[in-house]
Amino acid sequence: MCEEVGVLYVFGFERTGVAMGDLYIVDPEPEPGQEGAERGVRLEVRLLEQGAPPGSIYSARPIAVTQPVWRADLLESVAGPPGSFDRTHHHPAMQGWEPGPRVFDRDLQALPVEWVGARLAGLETLLAEAGIAADPAFARDAEALRGCLAEIMDTLIRLLQRVQRGELATPPSGPEPAEARDGWL
């Protein structure tokens, strides 16, 4: 079993990728009703850039996981029961590196994995709604993503199970801090 403090998975295609990892967060200035620590899995659609190999034909290729364009936070209050998804929300469009306001959706909270899977299956629509200009590479990415969707969703399910078992997205030792963020994304 992986014993990392935080786990990051990236599924990369030609120009886009799906990144996900566990997350533990305490917002120092939470919105009303969002007080206290949160834990869960953050999943983002990100733009990717491939660099040319900097050396021989056998050299490693630089890969940049760049701008986030869409985010789903499958979070729950640490004070609540595992699997409650009471803080689960998404950000339909990012403003640069910053998320827009949290958008809560009953269907997302009721069936988070299925909801995220349906959104990812429509990558072209998701990118258009996020304000990303159409590009033939995105159509190829959408087809490739749909071909890998079962693997992506299996990974999401495994991450959520590990969070709910208390293996990932764990609080720092000691009293709850006033501010914390532990996770890759």
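The values are calculated or read from the model by the stated rules, or taken from the named source; none is laboratory data. In this text the structure is predicted, and so the values were computed from the model without any measurement. Cβ placement follows ideal geometry from the backbone for every residue including glycine, while neighbour counts extend to all protein chains displayed.
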Failed criterion for residue 155 (all others in (1) under 16 Å from residue 74 (Cβ atoms); (2) not in a helix (DSSP H, G or I) hold): (2)
Verdict on residue 170 being modelled with pLDDT under 95 and under 17 Å from residue 42 (Cα atoms): yes
Counted residues, the range 106-116 - those being closer than 19 Å to residue 44 by Cβ and surrounded by fewer than 14 Cβ atoms within 10 Å (Cβ to Cβ): 1
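Yes or no, residue by residue, for (1) buried (at least 17 other Cβ atoms within 10 Å of the Cβ); (2) touching a helix residue (DSSP H, G or I) at 6+ places or on another chain (Cβ under 8 Å); (3) modelled with pLDDT under 95:
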residue	(1), (2), (3)
102	no, no, yes
136	no, no, yes
142	yes, yes, no
154	no, no, no
158	no, no, no
163	yes, no, no
174	no, no, yes
183	yes, no, yes
Members of the range 38-84 that are more than 29 Å from residue 128 (Cβ to Cβ) and either at pLDDT 95 or above or among the polar types (S, T, N, Q) (or both): 38, 39, 56, 59, 76, 77, 84
Residue that is farthest from the chain's Cα centre (by Cα) [pool: residues in the range 17-76 that are under 28 Å from residue 179 (Cβ atoms) and among the basic types (Lys, Arg)]: 39
Residues that are under 15 Å from the mean Cα position of the chain (by Cα), of a type in the set (A, V, I, L, M) and within 30 Å of residue 172 (Cβ to Cβ), drawn from the range 77-102: 94
Residue in the range 62-83 that is farther than 16 Å from residue 156 by Cα and among the charged types (D, E, K, R) present: no
Filter result for the condition that a residue is touching a helix residue (DSSP H, G or I) at 6+ places or on another chain (Cβ under 9 Å), closer than 13 Å to residue 71 by Cα and surrounded by 12 or more Cβ atoms within 10 Å (Cβ to Cβ), over 119, 146: 119
Count of residues meeting criterion [surrounded by fewer than 19 Cβ atoms within 10 Å (Cβ to Cβ) and out of contact with any Asp or Glu (no Cβ under 7 Å at 6 or more places or on another chain)] in the range 14-33: 6
